[in-house]
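Participant: Here it is: the structure, laid out below.
What follows is calculated from the coordinates using simple rules that are stated; it is not laboratory data. Since this is a predicted model, take the numbers as computed values, not measurements. As a convention, Cβ positions derive from the backbone with ideal geometry for all residues, glycine included, and neighbour counts pool all protein chains shown.
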Amino acid sequence: MTTAAAQTAADTDRDLVLTRIIDAPADKLYTCWTTPDLLPVWFCPPPWKVSHARMDLRPGGANLVTMQGPNGESIDNRGVYLEVVENRRLVFTDAYVEAWVPSAKPFMTVIITFEDLGDGRTRYTATVRHWTVEDRQTHEQMGFHQGWGIATDQMAALARTL
């Protein structure tokens, strides 16, 4: 197997992907992802909720999304943006917590793409690339497809109202 083919196979083993055609323009979906006040409306499947969101939307800028669980759980999701292309693409990772300070346990890099299909429709793809196959399996067992699917439906509904 060539090096490129081996890398592609390794990526596939570590990736979880959710793709949807959404009846909302790309700029509205991008706004949902990049406006801290909107994250509590859509980001978590109930009964979880976002209690705090902060974003420095630029490559190298830090983000923090605090999720609250139904039993008082509080999870801080910290990361750094790697790429920001308005209305088209967001890439962020939890490998860093801020200002290129490494995190204690990197878990994933998220690649969000918004492909304008015309007629107000967007191909939305969330690719979550994990550091290890075990991390990908853990995320899958946590309910990645169901949870991210519910959140995506909530985001789509919100985007249609913007």
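Participant: At 7 Å along the Cα-to-beta-carbon direction for both Asp23 and Ile150, put a label point, then send me their distance in nm to one decimal.
Facilitator: The answer from the label model is 2.3 nm.
Participant: At 0.36 nm per residue, minus the direct Cα-Cα distance, what do Asp116 and Arg78 gain on full extension? Give it in nm, one decimal, please.
Facilitator: This chain segment gains 10.8 nm when fully extended.
Participant: Let me check the size of region 56-162 from its C-alpha atoms; what are the radius of gyration and Dmax in Å?
Facilitator: 14.9, 44
Participant: What is the sum of charges around Pro102, taking Lys and Arg as +1, Asp and Glu as -1, for the other residues whose C-beta is under 13 Å from the C-beta of Pro102?
Facilitator: 0
Participant: Under a Cβ-Cβ cut-off of 10 Å, what is the net charge of the residues other than Ala156 that fall near it, where Lys and Arg count +1 and Asp and Glu count -1?
Facilitator: My count for the surroundings of Ala156 gives +1.
Participant: Continuing with the same structure: With N residues in region 1-130, what two-decimal value do you get for its Cα radius of gyration over 2.2 N^0.38 Å?
Facilitator: 1.13
Participant: Suppose each label sits 7 Å from its Cα in the direction of the beta carbon; what would the Thr125-Asp56 distance come out to in nanometres?
Facilitator: Label-label distance for Thr125 and Asp56, simple model: 3.0 nm.
Participant: Once you list every other residue whose beta carbon is under 12 Å from the beta carbon of Arg20, what net charge do they have if Lys and Arg are +1 and Asp and Glu are -1?
Facilitator: Once all neighbours under 12 Å are counted, the net charge is -1.
Participant: Further question on the same structure: What 222 nm value per residue comes from the helices of the chain, counting each DSSP H run with n ≥ 4 as -39,500 (n - 2.57) and dividing by all residues, nearest 500 deg cm²/dmol? Please list the in-between numbers first.
Facilitator: Details: 5 runs with 50 residues, N = 162.
Roughly -9000 deg cm²/dmol at 222 nm, from the helical runs in the chain.
Participant: Placing unit charges on C-beta atoms (Lys and Arg positive, Asp and Glu negative, everything else neutral), compute the dipole magnitude of the chain about its Cα centre in debye, rounded to 20.
Facilitator: Working: 15 positive and 20 negative charges, 28 e Å.
The dipole of the chain has a size of about 140 debye.
Participant: Using 7 Å Cα-to-Cβ label points, what is the Met142/Glu98 separation (nm, one decimal)?
Facilitator: Simple spin-label model gives 2.2 nm for this pair.
Participant: Taking the chain as a Gaussian network, Cα atoms linked when under 10 Å apart, which of Ala24, Ala151, Ala99 shows the biggest mean-square fluctuation?
Facilitator: Ala99
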